[in-house]
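Asks: My questions all concern the structure below.
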There are 2 protein chains.
Amino acid sequence: MITALVISYKGTGYCGWQVQAQSPRPSVQKTLQTAIETVIGCGIKLSGCSRTDSGVHANEYYCHLDRYVEIDCDRLPLAINKYLPDDICVKRAFTAEDSFHSRYFAKGKEYMYLVWNSRLKNVFYTDTAYMYPKRIDVDVINAFGKGFEGTHDFTSFMSAHSKIKDTVRTVWYFRAERDGDFVRFYTAADGFLYNMVRIMVGSALEICSGRITLPIEEIIERKSRQAAGKTMPAQGLYLNKVIY
Amino acid sequence: MITALVISYKGTGYCGWQVQAQSPRPSVQKTLQTAIETVIGCGIKLSGCSRTDSGVHANEYYCHLDRYVEIDCDRLPLAINKYLPDDICVKRAFTAEDSFHSRYFAKGKEYMYLVWNSRLKNVFYTDTAYMYPKRIDVDVINAFGKGFEGTHDFTSFMSAHSKIKDTVRTVWYFRAERDGDFVRFYTAADGFLYNMVRIMVGSALEICSGRITLPIEEIIERKSRQAAGKTMPAQGLYLNKVIY
């Protein structure tokens with residue numbers, strides 16, 4: 001058996017999950033690994049469910065150790081949290097089969113993108129939401145968003161810098177909900193290409209505002225990054241759920 | 001006529017509304033004043049509705065200038081916001097009679113205290129909520145909280161360092177609401193003594209947990225700071241509304 005963890009983190013102060021040699025900011029992985037090693041008194045290898053980008057947050061992120069920890073799963077989160085900074089929290093610990101891998105065993109993920117939809121900034125969400133001043137009609141977004149659903153080649157919604165060859169993914173849903181001046185976008189898929197959620201949200205907003213006139217189905221068909229909308233900034237993006 | 005503003009701010013990076021000679025952190029007042037002076041091109045005097053403590057936030061804070069600004073009230077907030085940091089926002093501008101004073105004209109204020117009620121920290125509310133691990137029963141709080149209401153001498157709920165002589169205030173309500181793992185305390189009064197809201201919330205929590213066995217009515221009657229509970233930290237406190 002091995003020990004696995006469910007964590008949350010505010011990504012603002014980090015270079016992402018993984019160590020980035022060129023970044024002055026620490027990685028979530030290394031910060032968490034050090035805290036776990038302090039608690040259990042020996043070196044470990046820590047593997048995560050996803051590489052999140054710099055500034056991206058996680059409400060629910062899965063990772064696993066290369067060993068079993070001899071501390072009760074009910075007590076382990078608080079024990080590790082004692083050695084973590086305020087912006088990383090271990091929410092739950094569980095044991096899994098030796099073969100478990102938080103990344104390869106994931107059947108899919110849900111991301112949330114948080115928009116503060118107002119002409120006036122929200123001083124409490126500077127690092128944790130993206131401010132968008134034009135009024136968003138979530139009914140329009142939800143009608144358009146159906147076009148993402150299903151199995152497609154999502155080349156148009158992948159960062160032009162990505163070298164990945166297998167660009168077919170199955171999107172389960174893409175929808176938006178309004179909560180006062182907040183708009184939350186939710187999308188889940190069996191996997192996402194590099195920057196895919198951020199380009200999906202950017203495209204939906206630009207279709208909604210009339211800046212893009214192609215429907216989503218046609219943007220997908222073009223298989224060209226130029227056909228889609230802008231990449232939304234990292235600060236609004238949250239890894240929200242991992243499905244096993 | 002003079003120009004008045006409604007602002008919001010996240011207090012974490014500030015020494016409070018007013019300049020504190022001994023603090024290395026800037027004041028909200030001075031930061032806002034500089035932004036306004038940049039927009040209108042001349043020096044102003046800026047007066048606020050309350051001295052908020054270091055780290056305390058405001059959802060709605062009123063202040064007024066010593067002059068009338070020749071820019072349309074609909075456009076003034078965005079014009080000033082351009083020169084403000086992300087953690088201060090002008091939400092609204094309005095004109096008032098020359099005699100208007102944001103502090104002396106206020107009939108009362110509502111404060112909100114935000115508690116994250118969980119054994120696990122919320123990584124997104126490090127600076128903007130107070131984490132309290134013991135389960136809070138809001139029905140119990142609301143039953144006790146009635147004891148605050150009415151006109152009383154609130155000496156027991158005033159910082160022992162305060163020199164104020166007139167310690168009688170009228171509290172309109174004190175209540176708590178649960179929203180998932182968040183608990184919001186709301187209290188409004190014709191005025192609050194120094195640290196009064198923070199001591200009221202601290203006392204309510206200690207009565208709820210059984211740490212204090214006196215009812216609120218009796219704590220009030222003692223007129224002694226020792227009879228009440230702890231002063232809650234600044235990070236959970238928000239000036240929420242000002243009533244004119």
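None of the figures in this text is laboratory data; all of them are computed from the coordinates on show. Just so you know, these numbers come straight off a predicted model, no measurement behind them. For neighbour counting, all protein chains shown are included, and Cβ atoms are generated from backbone atoms with ideal geometry for every residue, glycine included.
Asks: Across peptide B:85-91, what mean number of C-beta atoms from other chains lies inside 10 Å of a residue's C-beta?
Replies: Values: counts 2, 7, 4, 2, 6, 2, 4.
Across the residues of B:85-91, the mean count of other-chain Cβ atoms within 10 Å is 4.
Asks: Using a ≥ b ≥ c from the Cα gyration tensor of the protein assembly as shown (square roots of the eigenvalues), is it rounded, prolate or oblate, where a/c under 1.5 gives rounded and otherwise the larger of a/b and b/c decides, a/b for prolate? Please list the in-between numbers first.
Replies: Numbers: a/c = 2.30, a/b = 1.37, b/c = 1.68.
Here the protein assembly as shown falls in the oblate category.
Asks: What is the local net charge at B:Thr170, summed over the other residues whose Cβ is closer than 10 Å to its Cβ (Lys, Arg +1; Asp, Glu -1)? Working shown, then result.
Replies: Numbers: positive: B:Arg169; negative: B:Glu149, B:Asp190.
Neighbourhood net charge equals -1.
Asks: Apply the Karplus parameterisation 6.51 cos²θ - 1.76 cosθ + 1.60, with θ equal to phi minus 60°, to every residue of the stretch B:13-26 and state each ³J(HN,Hα) to the nearest whole Hz, in sequence, with x for glycine and proline.
Replies: So the J values, rounded to whole Hz, are x, 10, 7, x, 5, 8, 4, 10, 4, 7, 8, x, 8, x.
Asks: I've got another one for you. The stretch B:111-130 to the stretch A:117-196: how many Å between their Cα centroids?
Replies: 28 Å
Asks: If you don't mind, there's one more thing I want to ask. Determine the shielding of peptide B:123-131 by partner chains: average, over its residues, the number of Cβ atoms on other chains within 10 angstrom of each Cβ.
Replies: So the per-residue partner count for this stretch is 5.
Asks: How would B:Met1, A:Met200 line up from fewest to most surrounding beta-carbon atoms within 10 angstrom? Numbers along the way, then the final one.
Replies: Working: B:Met1 12, A:Met200 29.
Going from least to most buried by this count: B:Met1, A:Met200.
Asks: Using only the Cα atoms of the stretch B:2-96, what do you get for the radius of gyration and for Dmax, in Å?
Replies: Computed over the Cα atoms of the stretch B:2-96, radius of gyration and Dmax are 12.3, 38 Å.
Asks: Answer rounded, prolate or oblate for chain A, using the Cα gyration tensor with square roots of eigenvalues a ≥ b ≥ c: rounded when a/c is under 1.5, else prolate when a/b is larger than b/c, else oblate. All intermediate terms of the calculation are to be shown ahead of the outcome.
Replies: Details: a/c = 2.21, a/b = 1.69, b/c = 1.31.
Note, shape of chain A comes out prolate.
Asks: Taking 8 Å as the Cα distance limit and 6 or more residues as the minimum spacing, I'd like the relative contact order of chain B as a percentage. If you can, show how the numbers build up before the last one.
Replies: On the way: 547 pairs, mean separation 57.4, N = 244.
About 24 percent, as a whole number.
Asks: Remind me, relative contact order of the stretch A:69-206 in percent, using alpha carbon pairs under 8 angstrom and six or more residues apart?
Replies: 24 percent
Asks: So what's the net charge close to A:Pro85: Lys and Arg +1, Asp and Glu -1, counting the other residues with Cβ under 14 Å from its Cβ?
Replies: Numbers: positive: A:Lys10, A:Arg25, A:Lys30, A:Lys82, B:Lys121; negative: A:Asp86, A:Asp87, B:Asp127.
Around A:Pro85, the surrounding residues sum to +2.
Asks: Give me the distance in nm between label points sitting 7 Å out from Cα along the Cα-to-Cβ direction at B:Lys134 and A:Ile71, one decimal.
Replies: Here the modelled spin labels are 2.5 nm apart.
Asks: Can you put A:Phe174, B:Phe157 in order of Cβ neighbours within 10 angstrom, beginning with the fewest?
Replies: Values: A:Phe174 24, B:Phe157 31.
Lowest to highest Cβ neighbour count: A:Phe174, B:Phe157.
Asks: Given Cα positions, please report Rg to Rh for the stretch B:93-156, the hydrodynamic radius being the Kirkwood one. Don't skip to the end; give the middle numbers.
Replies: Details: Rg = 18.2 Å, Rh = 16.0 Å.
Using Cα coordinates only, the ratio equals 1.14.
Asks: With bins 5 Å wide starting at 0, give me the P(r) of the stretch B:169-244 over every alpha carbon pair, in whole percents.
Replies: Result, from short to long distances: 3, 13, 25, 28, 18, 9, 3, 0 percent.
Asks: May I pose another question? With Cβ to Cβ distances under 11 Å as the rule, what net charge do the other residues near B:Asp74 carry (K, R +1; D, E -1)? Walk me through the numbers on the way to the answer.
Replies: Values: positive: A:Arg119, B:Arg75, B:Arg92; negative: B:Asp72.
Value of the local net charge: +2.
Asks: Determine, from the Cβ-Cβ distance of B:Tyr173 and B:Ala106 and an R0 of 25 Å, the FRET efficiency 1/(1 + (r/R0)^6), rounded to the nearest 0.05.
Replies: Numbers: r = 17 Å, r/R0 = 0.68.
That gives a FRET efficiency of 0.90.
Asks: Can you pull the Rg over Rh of the stretch B:91-226, Cα-only, Kirkwood?
Replies: Details: Rg = 16.5 Å, Rh = 16.3 Å.
Radius of gyration relative to Kirkwood radius: 1.01.
Asks: Right, something else. On a 21 Å Cα-Cα criterion, which of the cross-link pairs A:Lys82/B:Lys121; A:Lys109/B:Lys121; A:Lys241/B:Lys134; B:Lys45/B:Lys109 come out too long? If you can, show how the numbers build up before the last one.
Replies: Values: A:Lys82/B:Lys121 11 Å; A:Lys109/B:Lys121 23 Å; A:Lys241/B:Lys134 27 Å; B:Lys45/B:Lys109 23 Å.
In this structure, A:Lys109/B:Lys121; A:Lys241/B:Lys134; B:Lys45/B:Lys109 lie more than 21 Å apart at Cα.
Asks: How do B:Arg75, B:Arg119 rank when sorted from fewest to most other Cβ atoms within 10 Å of their own Cβ?
Replies: Values: B:Arg75 10, B:Arg119 13.
Starting with the residue having the fewest Cβ neighbours, the order is B:Arg75, B:Arg119.
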